[in-house]
Structure formats: C-alpha cells, structure tokens
1. Using beta carbons and a limit of 6 Å, which pairs, at least six apart or on different chains, have the first residue in segment 149-178 and under 13 Å from Cys94 (Cα atoms) and the second one in a helix (DSSP H, G or I) and of a type in the set (Lys, Arg)?
2. Name, by its number, the condition in (1) exposed (fewer than 14 other Cβ atoms within 10 Å of the Cβ); (2) in contact with a Leu (Cβ under 6 Å, 6 or more places away or on another chain) that does not hold for Ala97.
3. Count, please, the residues in segment 158-173 that happen to be open to solvent by less than 30 Å² (accessible area, probe 1.4 Å), of a type in the set (Gly, Ala, Ser) and under 13 Å from Thr121 (Cα atoms).
4. Right, Arg106: assigned to a helix (DSSP H, G or I), open to solvent by less than 30 Å² (accessible area, probe 1.4 Å) and either closer than 16 Å to Pro65 by Cβ or not basic (Lys, Arg) (or both) or not?
5. With the requirement that a residue be hydroxyl-bearing (Ser, Thr, Tyr) and assigned to a helix (DSSP H, G or I), what does segment 114-155 give you?
6. Of the residues Ala50, Ala39, only one is over 30 Å from Glu150 (Cα atoms) and not polar (S, T, N, Q); which?
7. Could you list, in sequence order, all residues of segment 139-148 that are without any contact (Cβ under 8 Å) to a residue 60 or more places away in the chain and open to solvent by less than 20 Å² (accessible area, probe 1.4 Å)?
8. With respect to Ile126, is the statement that it is out of contact with any Lys or Arg (no Cβ under 8 Å at 6 or more places or on another chain), more than 19 Å from Ser32 (Cα to Cα), open to solvent by 50 Å² or more (accessible area, probe 1.4 Å) and of a type in the set (Val, Ile, Thr) true?
Amino acid sequence: MKYLIHSLTLLRLFAGPLIFLLVIVAQNFGLSLIIFILASLSDYFDGLLARKYNLESMLGEVMDPTADKILTLFLIITLTVHYQSSFLAFIGACILAREFWVSALRDINARNNNFAATQVTSLAKIKTTVQFAAFGCFMFSMYANNSFLEFIAHFLLFSALIITLQTGLSYTISTFKK
C-alpha cells in the first residue's frame with residue numbers, strides 16, 4: 001500500500017510536464033484534461049490512504065506538497081503560454097512566490113523546531129482545492145472551447161489568489177510572532 005501511495009504522489013510530479021507538452025506541443029486538450037483530473041484525484045487519495053492505513057511518513061509530508069507545487073508550476077506556465085495572458089502570468093507569479101515563501105518559512109521553522117507555525121491548515125487545503133478547480137475549469141474550457149468556462153476559471157483563479165495570499169500571511173505571522 002505504501003508504494004501505491006508514493007506512486008500517486010509521483011503521478012503529480014510527472015503530470016505537470018506531460019500536461020504542458022500535451023497542451024502546448026500537441027494541443028491535445030482532451031488527454032491533458034484526463035491527466036489533470038487523475039493528478040488532482042491522486043492528491044486527495046494519497047493523503048486519504050496514508051491516513052486510513054496509518055502510513056503517513058516524513059517522505060510523504062515533504063513530497064506531497066512538493067508534487068502539488070510542481071504540478072501548479074507547470075499548470076500556470078501552461079495556461080500562461082496557451083492563453084498568452086499577462087493576467088495569468090501575474091496571478092501565477094504571485095501564487096508561486098507564496099509557495100516559495102512558505103517553503104522558506106517551513107525551513108526556518110524546521111530549524112527552530114517550530115513545526116506548528118507552518119503546519120498545513122484547513123484554509124491551505126481549500127486553497128489547493130480552489131486552485132485545482134480553477135486549473136480544471138481552464139483545462140475543460142480549452143477542451144470545450146467555451147469562453148464562459150474560461151471566465152469562471154479566471155474568477156476561481158483570482159479567488160485562489162486571495163486565499164493563497166491569506167494563508168501565506170497567516171504562516172508568516174505564526175512564524176515570526178513571539
């Protein structure tokens with residue numbers, strides 16, 4: 001079971017570059033959407049299975065958010081290139097900057113044995129869900145060639161940005177408060 005859980009995490013690591021190639025090079029929106037859905041589901045199921053079978057590990061704690069970040073990075077780049085959108089580039093850069101910042105905060109907290117300051121919160125899980133919903137909506141809008149879905153995706157991504165900034169601020173305050 002441990003190998004299945006780690007395989008689900010690895011799926012997200014490889015899904016991002018594959019989606020990029022499928023969208024930008026092959027313009028195969030259907031297959032890229034399917035891979036994205038599978039990668040998104042893997043994020044849910046690897047954690048669920050690890051908790052259910054009591055197989056949570058330090059490797060999983062590190063690799064799960066890293067896989068999410070890599071998938072997010074590739075999706076932001078893919079969407080920015082596909083839509084040639086400075087709006088998506090700016091929101092994506094803000095989201096990625098927060099991810100790097102929170103990684104730095106986690107490193108600081110690990111060195112100071114202050115793990116609780118940057119422990120994953122419910123709002124951070126909602127952030128990931130809203131981000132993935134936005135990405136999924138973008139992917140489906142490409143597949144369906146539907147501008148209304150694209151509009152909804154922009155709204156969801158902007159909502160994800162607000163939540164992203166809020167969680168980054170919360171982690172920062174928790175890290176530096178005395």
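The values are calculated or read from the model by the stated rules, or taken from the named source; none is laboratory data. Predicted, not measured: the structure shown is a model, and the values here were computed from it. A quick note on method: Cβ atoms are made from the backbone with ideal geometry, for glycine too, and the neighbour counts reach across all protein chains shown. Just so you know, the surface numbers come from the protein's heavy atoms only, side chains and all, with ligands and any DNA or RNA stripped out. Shrake-Rupley method; radii C 1.70, N 1.55, O 1.52, S 1.80 Å.
1. Ile163/Lys127; Thr164/Arg98; Thr164/Lys127; Thr167/Lys127; Gly168/Arg98
2. (2)
3. 1
4. Numbers: assigned to a helix (DSSP H, G or I): yes; open to solvent by less than 30 Å² (accessible area, probe 1.4 Å): no; either closer than 16 Å to Pro65 by Cβ or not basic (Lys, Arg) (or both): yes.
Criteria not met by Arg106.
5. First, the residues of segment 114-155 that are hydroxyl-bearing (Ser, Thr, Tyr): 118, 121-122, 128-129, 141, 143, 147.
Of everything in segment 114-155, those that are hydroxyl-bearing (Ser, Thr, Tyr) and assigned to a helix (DSSP H, G or I) turn out to be Thr118, Ser122, Thr128, Thr129, Ser141, Tyr143, Ser147.
6. Result: Ala50 is the single residue among Ala50, Ala39 that is over 30 Å from Glu150 (Cα atoms) and not polar (S, T, N, Q).
7. Selection gives Ser141 alone.
8. Yes; evaluated as a whole, the condition is true for this residue.
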